[in-house]
Amino acid sequence: MDLSIIIPAYNMEKYIGSCLESVLCCPDECVKMECIVVNDGSKDNTAGVVEEYIKKDNRVKLINKENGGVSDTRNAGISKACGKYIMFLDADDTLVENAWESIENVINNRCEDFIAFSYITKYENGNLASEILPVSADVVTDEKEARELMYANSVFNMCWGKLYKREIILEKKMAFRKGLPIGEDYLFVAEYFGYCKSFYMTKTMILYYLQRTGSAIRSYTIKQRLDFARILYDYNLEKVKRYNDDDLMRKMNTYYLKVISGLFLEYANLGRGKRLKGIYRQAFENDLYREILDKADINYIYSRLKRFEYRLFKLDNEDILAFYFSLKSIVFWCKVNISIKGRDIPCTVGSKN
């Protein structure tokens, strides 16, 4: 068996059919594949839809379990997987039209431990945005470049869009961490990355990631969000220390300044005036916020706008920050709407070596 695709599903009756249709486009002579759908105690007809596909194609398998969250669900899939490689896919996502050509090319012609593809974000209104890995060529195998993307960027935050060697997962007894409201994907990817000795990163796009409106994570305060980020930061800090790479350490700390800026921008859309100022005051009291402002190196901030933001953060003035990020949120969302509507996305991208 070449590949096991693991799909966690909770109340995905509306989406799982399209997901499976894209997976089952895989010709038998292309990749020997099994598709494991793990039904996490759905209350709708998710299981019924999957069972109909099982009747048509025996490559589809269904695991029914009590609701335990996405980490527990993916772990259940891993325990039943038989493929040389494992790939995770969300139930509301689909593979692009020629994804199997690209996947086959990698499985048959590459042997790297860490394999990462690019993807396309699909919004509920039908708009598309390409999310191409910021690598220096169409295909990159350089370890230093891989480390920078892992520890000083957000492109590897999600577990999907990658191929994992099952033998590494089993040998290292890896599992998704339970009980985390955010970051369980990233910690799995980061742990796996740490065991890898070879790397393959490509601009080839293999899936559509559906960006749905509404997010449970927004129910948390900014202090709680920073506490979650602290877990990821501390994990990265220990890993990067082992490389004894001062340049990478500086880039990582500067990246987390962007994380803080992103949080401030996100909460600017949830409140204005006194409420927003109160939200930002909570951030001022957080240890990670203070630590990143101390460690961030302005010489590693190449954008004039980000340098300006860094200086604003150093002022510790909630009035100024509330005014700035309120204005930025208006400009940002206007630009996003315009750029997405005007973007031409190539949806049939082949592998290039």
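Values quoted throughout were computed directly from the atomic coordinates according to the rules given, and no laboratory measurement underlies them. Keep in mind that this is a model prediction, so the values were computed, not measured. Cβ placement follows ideal geometry from the backbone for every residue including glycine, while neighbour counts extend to all protein chains displayed.
For the range 216-339, the extents of the C-alpha atoms along the principal axes are 44, 29, 29 Å, listed from largest to smallest.
Would you mind checking the range 133-165 for residues with the amide N under 17 Å from a putative spin-label position 7 Å along Cα→C-beta of Arg242? Counting backbone N atoms under 17 Å from the label point, the list is 143-144, 146-152.
Pairs from the table (Lys80/Lys239; Lys14/Lys178; Lys165/Lys197; Lys65/Lys165; Lys80/Lys173; Lys80/Lys162) lying more than 22 angstrom apart at Cα are Lys80/Lys239; Lys14/Lys178; Lys65/Lys165. Note on Asp138 and Asn45: their simple-model spin labels are 4.5 nm apart, each label 7 Å out from Cα toward Cβ. Highest average first, the peptides 34-45, 318-329 ordered by how many other beta carbon atoms sit within 10 Å of their residues are 34-45, 318-329. Straight-line reach from Lys223: taking Cα to Cα under 19 Å and skipping same-chain neighbours fewer than 8 places apart, the lysines in range are Lys258, Lys274, Lys277, Lys314. Under a GNM of the chain (C-alpha, springs under 10 Å), which listed residue has the highest mean-square fluctuation: Ile330, Ile103, Ile132? So, out of Ile330, Ile103, Ile132, the one fluctuating most is Ile330.
Post the alpha-carbon centroid distance, the range 276-315 to the range 142-184, in whole angstrom. That distance is 27 Å. Taking 7 Å steps out from each Cα toward its Cβ at Ala129 and Asn109 produces label points 3.2 nm apart. The aspartates and glutamates within cross-link reach of Lys203, meaning a Cα-to-Cα straight distance under 15 Å and a gap of 8 or more places when in the same chain, are Glu101, Glu131, Asp138, Asp142, Glu145.
Listed by chain and number, the lysines placed with their C-alpha closer than 18 angstrom to that of Lys56 are Lys32; residues fewer than eight positions away on the same chain are left out. Highest mean packing comes first when the peptides 170-180, 306-316 are listed by Cβ atoms within 10 Å, giving 306-316, 170-180. The range 217-275 and the range 1-66 have their alpha-carbon centroids 35 Å apart.
The mean of 1/r over all distinct Cα pairs in the range 3-211, once inverted, gives the Kirkwood hydrodynamic radius of 17.3 Å.
Taking each pair of different alpha-carbon atoms in the chain once, compute 1/r for the pair, average those values, and report the inverse of that mean as the Kirkwood hydrodynamic radius in Å to one decimal.
Details: mean 1/r = 0.0461 Å⁻¹.
Result for the chain, one decimal place: 21.7 Å.
Note that the range 293-307 has calculated 3J(HN,Hα) couplings of 4, 6, 8, 4, 9, 4, 5, 9, 9, 8, 8, 4, 5, 5, 5 Hz, one per residue in order, obtained from phi through the Karplus relation 6.51 cos²θ - 1.76 cosθ + 1.60 (θ = phi - 60°); glycine and proline are x.
Compare the peptides 243-249, 187-193, 47-53 by average per-residue count of other Cβ atoms within 10 angstrom and give them in order, highest first.
Working: 243-249: 13.9, 187-193: 19.6, 47-53: 17.7.
Result, highest mean Cβ count within 10 Å first: 187-193, 47-53, 243-249.
Size descriptors for the range 172-242: radius of gyration and Dmax over Cα atoms are 15.0, 39 Å. Rounded to 0.05, the FRET efficiency of the Ser198 and Thr121 pair, given R0 = 30 Å and the Cβ-Cβ distance, is 0.60.
Two decimals is fine: what's Rg over Rh for the range 161-282, C-alpha atoms, Kirkwood radius as Rh? Each step should come with its number before you reach the end.
Working: Rg = 17.4 Å, Rh = 17.2 Å.
That ratio is 1.01, to two decimals.
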